[in-house]
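Here the structure comes first, spelled out in structure tokens, and everything after it is commentary.
The values are calculated or read from the model by the stated rules, or taken from the named source; none is laboratory data. Remember, predicted model here, so these are calculated numbers, not experimental data. Cβ placement follows ideal geometry from the backbone for every residue including glycine, while neighbour counts extend to all protein chains displayed.
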Amino acid sequence: MISSRVCTFFILLTLSTPIAVAHAQDAATASHVRGTDEASTMLIRDLAARSATGRDLVDQLDRSDLVVYVRRRLFATAMLTGRIGFVRGDCRRRYVAVEIAAPRNYVEELASLGHELQHAVEIAGEPDVCDASALAELYTRIGDPVERWGGMADSFETRTAFETGIRVRRELLQTAAEN
Ligand SMILES: [Zn+2]
């Protein structure tokens, strides 16, 4: 069910993100899904505008306690299309960072964002999960290890996120065809 070509790895690390920059944008947006720069903010906006699934994911996160920072970045490996992790282990306020491999085909970047936001929804639904080790425990329970598909150690995938990415890509291509 999982192809290593398209799947996104789930890295169980505490990611660092320019949180000071992101905080500066807090006042500007009430949304819980926030870009850390202009291009990432645009990516979120375009996903919500062009994909019903993307819009629904952002809505679900807006109604949750989880705050998601999104950053486009260059990864050293082409195997990685995106990842998600806790920015810091603070259970009073849960912040996760999503990193999307860029630059790539824009539809692929948007589909990866949809895929990662599905993981954010999975985490949002588990209020006790607020640090990397609780995250590891959660994905050991709900995910499939991707190591056996040639992925990295401590990486997991869920069928729901995998299918969400595919659905978002289909919606984006449909929207493009209609315009
Ligand atoms: Zn994934």
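A few remarks follow.
- Residue check for M42: within 16 Å of the ligand (Cβ to nearest atom) and within 25 Å of E171 (Cα to Cα): no
- Scanning the stretch 151-179 for residues that are more than 15 Å from the ligand (Cβ to nearest atom) and either at pLDDT 85 or above or over 30 Å from R93 (Cβ atoms) (or both) yields a total of 10.
- Candidate set: the stretch 126-148, residues that are closer than 29 Å to S51 by Cβ, without any contact (Cβ under 8 Å) to a residue 60 or more places away in the chain and not acidic (D, E); chosen: the one farthest from the ligand (Cβ to nearest atom): C130
- Hits in the stretch 109-123 (condition: of a type in the set (S, T, N, Q) and either over 14 Å from R159 (Cβ atoms) or away from the ligand (no atom under 11 Å from the Cβ) (or both)): S112
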